[in-house]
Structure formats: C-alpha cells, structure tokens
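The values are calculated or read from the model by the stated rules, or taken from the named source; none is laboratory data. If you're wondering where the values come from, they're calculated on a predicted model, not measured in any experiment. When we count neighbours, we look across all protein chains shown, and the Cβ atoms used for this are built from the backbone with ideal geometry, even at glycine. All accessible areas refer to the heavy atoms of the entire protein, side chains included, with ligands and DNA or RNA removed. Shrake-Rupley method; radii C 1.70, N 1.55, O 1.52, S 1.80 Å.
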Amino acid sequence: MSGNRTIRVVATSARLLTGAAVAVACVAGVVVAITAPWPSVSSRPAQAEVTPLPGDTVLVCNGDFRALGRDTSDPLRMDSAASPRFTMEGTEGEPEIGSLTAGDLAGAGEVRRLTGAVEGRKAPLIGATESVTLQAEDLSGFAAAPCREASTESWLIGGAVVTGAEDLVVLTNPGAVPSTVTLTVYGTTRTSTTSIVPAGAQIALPLAAIAGGTAAPVVNVTATGSPVRAVLQSSLMQTLDPVGVDLQDAVSAPQQHPVIPGVQIFQNEGDDSSANMLRLFSPESETQATVTIRAVGDVEASAVFQMDIPAGVATDVGLPDLDPGLYTVQVDAESAVLAGVRVQDGAGPGSDFAWAMPAPEFTGETLVAVPSGPAAVLVLTNDEAEDVQVTVGPVGGGGGEEQVTVPAGSSASVDVTDGTVYSVRSAAPVHASVSMTGDGALAVWPVWPPAGAEKSVVVYP
C-alpha cells in the first residue's frame with residue numbers, strides 16, 4: 001500500500017513539474033512574440049488631385065473719393081469730392097462693367113463692378129485700378145487703389161483717430177443679397193459694430209464713430225450673406241491746410257512673415273516722427289518680431305531691429321534714418337501679425353502721405369494696372385534662396401517685354417508708364433508693389449494674385 005502511495009506521489013510531482021515547465025514556456029513564447037517585430041499591413045487611401053472649376057472673375061472698384069462734413073448743418077453728410085480716372089485691361093477682351101449704388105453719397109458717380117466670364121476651365125485675368133487727384137480747401141493729394149475681389153474677412157490697419165484726421169471705412173457689396181458686416185475695432189478698448197450693406201451697394205462709416213476713442217485703431221471686417229470689399233479712405237489736415245489723402249487696401253489675414261515692397265523714403269524736412277512709421281499689430285498674443293529694411297537692389301540690410309508687440313493694441317515705431325530711395329521692409333514674427341508702413345513726402349501744405357501694405361506671394365501671371373498719375377515704378381521682391389526671372393510687358397505686346405532678374409534675398413525695380421496695364425509673369429514666388437510719386441503726390445499698393453484662380457486640392461473618395 002505504501003508502494004502505491006509512493007508511485008502516486010511521484011506521478012503527481014512529475015505532472016506538476018511538467019505543467020510548470022509548459023507554463024514557463026508559454027509565458028516566454030508570449031513575451032518573445034510581443035517583443036518580436038510583427039508583420040505590418042498598410043494601405044494607402046485612394047486619392048486624387050483635383051483642380052476645381054474656376055468661377056467668374058469679379059472685381060470691385062472703390063468709386064468716388066468722399067468728403068465728410070462740408071455741409072456745416074449736416075456734419076455727417078458725405079459728398080463726392082472727385083470721380084476717379086479708370087485704367088483697365090483683360091486677357092479675354094473687355095469684361096462686363098456694371099454699376100453699384102452709393103445711396104449715402106451726395107453727387108455719387110459710378111461704382112464699378114467688373115465681371116469676366118469663365119471660358120472652358122480658365123478664368124480671365126483682369127487688371128484695373130482707379131486714381132484721383134484732389135486740390136481743394138479740405139482735401140489735397142493723390143490716391144490710387146486697385147479694383148479687387150470682395151471677401152468674407154479682411155483687416156484695415158492704417159487708421160487714425162487724431163486731430164485733423166478724417167478716415168472712412170468704405171464697404172462695397174457686389175453680390176445679389178445683402179451683407180451683414182461686423183466691424184471689430186482693436187485698441188485701448190475692443191468694440192464691435194454691425195451694419196447692413198444692401199445688395200449691389202456701397203456705404204461708408206466714419207472711423208471715429210466706431211473706434212471708441214482709440215488713436216490708432218485696427219479694424220477686422222467680417223461679412224456674412226455676401227462678401228464685401230473694404231477700403232480705408234484717409235485724409236489729413238494740419239491747422240487749416242490739407243496735407244494728404246490715401247486709399248488703403250485691406251489685408252487678408254495676419255501672417256508671420258509680411259513683406260512690404262515699394263516703401264518710398266524722402267528727405268526729412270522736419271522733426272515729424274510720424275512721417276515714416278512702421279505699425280505692427282498682433283490680434284491675440286504678445287510676440288516679438290525682427291524688422292529688416294533693404295534698399296531696392298541691395299542684399300545687405302540698411303537697418304535691422306527688434307520689436308516687442310503687445311496683444312490687441314497697435315504698436316507704432318518711427319523708421320531709422322534712411323537715405324532717400326525705395327526700400328523693402330520685411331518682418332519676421334514669432335506669431336502672425338499685421339504690418340504696414342506710413343510714408344510722407346514732406347511737411348505742411350502741398351505734401352502727401354501713403355500707407356504701404358504687405359504684398360502676397362504670387363506665381364505665374366497676373367495683370368497690374370498703372371492708373372493715370374505721377375511717375376510709377378514696379379518693385380519686385382524675392383525672399384527665396386534662388387534668383388527669379390520675371391517678365392514684365394504691356395498687355396497686348398505694345399512696347400515690348402522686359403526680362404528682370406530679381407536676386408535672391410533682394411529686390412529689383414522696373415519703370416512703368418501710367419495709364420497702362422502690364423502682364424507680370426514669374427515661374428517662382430515673388431512679392432510686388434506699385435509706387436507712384438510726384439510733387440505733392442504719393443501712392444503705393446500691393447500687387448495681388450489673379451482673382452478667380454483655383455488651387456488644386458487632394459480628394460479622398
């Protein structure tokens with residue numbers, strides 16, 4: 001009996017040892033399986049690059065320059081001070097020209113809407129700009145602005161609410177339905193105003209009425225229902241003398257690296273610190289920026305300085321002493337900012353001022369309309385690592401084309417003729433602005449990529 005018990009104990013022990021060994025082997029196998037590379041199975045989703053059909057090219061012009069307060073019995077009344085001269089050309093013949101209404105402007109002239117219909121898969125290119133020369137007791141100087149497409153959001157950075165300044169926010173709705181426009185003003189306090197712009201109409205609001213006492217307001221324009229074109233019309237009086245007018249193009253959005261070509265510096269005839277001034281604005285957060293100023297044609301910088309930019313309040317700083325000439329101002333910020341440069345061609349009666357705004361990159365062909373006015377120059381800036389070849393010539397070929405080499409990290413200029421529309425073609429990204437200067441006449445505006453063009457998008461079925 002004891003022998004059977006011994007046999008059972010031995011058998012049981014053997015089974016336990018065998019089970020333990022099997023368990024250890026299983027655990028080891030699992031560990032090895034986990035740590036060993038597993039076979040990978042991947043699948044690239046089906047995709048296709050598609051270019052949407054372009055829409056019709058629709059541009060909106062600014063129309064008459066407005067005078068505020070000429071009627072002392074009605075200080076908010078706006079009168080037409082002058083109707084602009086108009087320069088236009090298209091690649092597919094004459095675009096359709098329609099007229100918009102300006103019911104709040106006494107003696108209003110034509111507010112143009114230009115429409116170029118798509119042919120096949122190609123949107124026609126249109127170049128159009130207006131200019132106006134004023135010589136009146138309350139308004140004096142030269143102003144010009146390109147006709148541009150409407151948008152659902154834009155920014156106006158060059159406003160002023162100080163003694164002698166008379167700024168107007170001009171809103172134009174080329175659409176078939178009304179637009180609800182919200183104007184958010186950034187400054188010492190943040191305020192919002194909502195206005196309705198009727199379909200096919202233009203209205204204007206005094207900046208002082210919506211800026212809440214802010215001396216240097218920045219305005220964010222947002223539209224629902226229909227996109228609008230926003231322009232800031234500015235004029236300035238010193239004592240009883242007019243000292244300049246300007247039409248400032250809206251900026252699409254803040255950016256980290258704004259490039260401002262065509263900044264014309266004049267001989268400083270006084271101690272006015274606002275004659276040549278850089279304005280920077282960060283909508284949401286404090287940031288820092290490095291500002292680099294280069295003369296046209298130079299690679300080496302004429303000036304470099306750093307700025308601390310608070311959130312929600314515009315920061316103005318006078319430009320350092322620079323020799324007279326054309327410059328490009330570049331800003332490299334840690335977060336997206338708005339930027340603009342105010343320049344002035346003198347002090348006192350007979351002087352004029354203008355705001356130079358950032359110029360977006362463009363590649364391919366765009367049309368640049370140079371309106372009637374003083375001497376004009378096209379400034380091309382290349383912030384890439386390789387030289388860029390740009391072709392510039394009048395639309396239609398009259399006068400021949402000019403090949404321009406824009407050095408890497410530098411800029412070049414081309415003299416252009418007023419009253420002429422030019423084709424500008426570049427195989428690589430460049431920035432460009434038009435600057436016009438004369439005796440008591442100054443204007444500068446950025447060259448924009450063509451309206452109506454559509455970019456390719458990746459579609460995942």
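Quick notes on this one:
- For Arg425, the shell of other residues with beta-carbons less than 12 Å away shows a net charge of -3, using +1 for Lys and Arg and -1 for Asp and Glu.
- Under 5 Å between amide hydrogens, built in the peptide plane, is the criterion, and for Gln238 it picks out Val243 among residues at least 5 positions away or on other chains.
- Between the amide H of Leu442 and those of Phe142, distances stay under 5 Å, these residues lying 5 or more places away or on another chain, with hydrogens modeled in the peptide plane.
- Three-way shape label, the range 291-450, alpha-carbon gyration tensor, a/c 1.5: oblate
- A 1.4 Å probe run over the protein chains yields, for the range 113-270, 36 Å² of accessible area per residue, whole-number rounding.
- Note on the range 294-426: dipole from Cβ charges, positive end direction compared against Gly364, Ala375, Gln403; the farthest Cα belongs to Ala375.
- Relative contact order of the range 59-119, defined on C-alpha pairs under 8 angstrom at six or more residues apart (%): 39 percent
- One decimal place: the segment Glu361-Glu119 gains 84.5 nm when fully extended, by the rule 0.36 nm per residue minus the C-alpha distance.
- Think of the range 102-154 as a dipole: +1 on every Lys or Arg Cβ, -1 on every Asp or Glu Cβ, centred on the Cα centre; then among Ala145, Thr115, Val132, Thr115 lies furthest on the positive end.
- Peptides 217-224, 191-198 ranked from most to least packed give 217-224, 191-198, packing being the mean of other C-beta atoms within 10 angstrom over each peptide's residues.
- Within the shell of other residues whose beta carbon sits under 13 angstrom from the beta carbon of Glu110, the net charge comes to +1, with Lys and Arg scored +1 and Asp and Glu -1.
- Other residues within the sphere of radius under 11 Å centred on the Cβ of Ser302, judged by their own Cβ, net out at -3 (K and R +1, D and E -1).
- Peptide ranges 227-234, 165-172, 252-259, 96-103 listed from the most packed, as the mean C-beta count within 10 angstrom indicates: 227-234, 165-172, 252-259, 96-103
- Of the solvent-accessible surface of the range 303-461, computed with a 1.4 Å probe and all protein chains present, 49% belongs to carbon and sulfur.
- Loop-located trypsin sites (Lys or Arg not before Pro) in the range 49-141, at most 10 other Cβ atoms within 10 Å (DSSP): Arg121
- A simple rule links phi to the HN-Hα coupling: the Karplus curve 6.51 cos²θ - 1.76 cosθ + 1.60 with θ = phi - 60°, which for the range 217-232 gives x, 10, 10, 9, 10, 10, 10, 10, x, 7, x, 10, 9, 10, 9, 9 Hz, with x for Gly and Pro.
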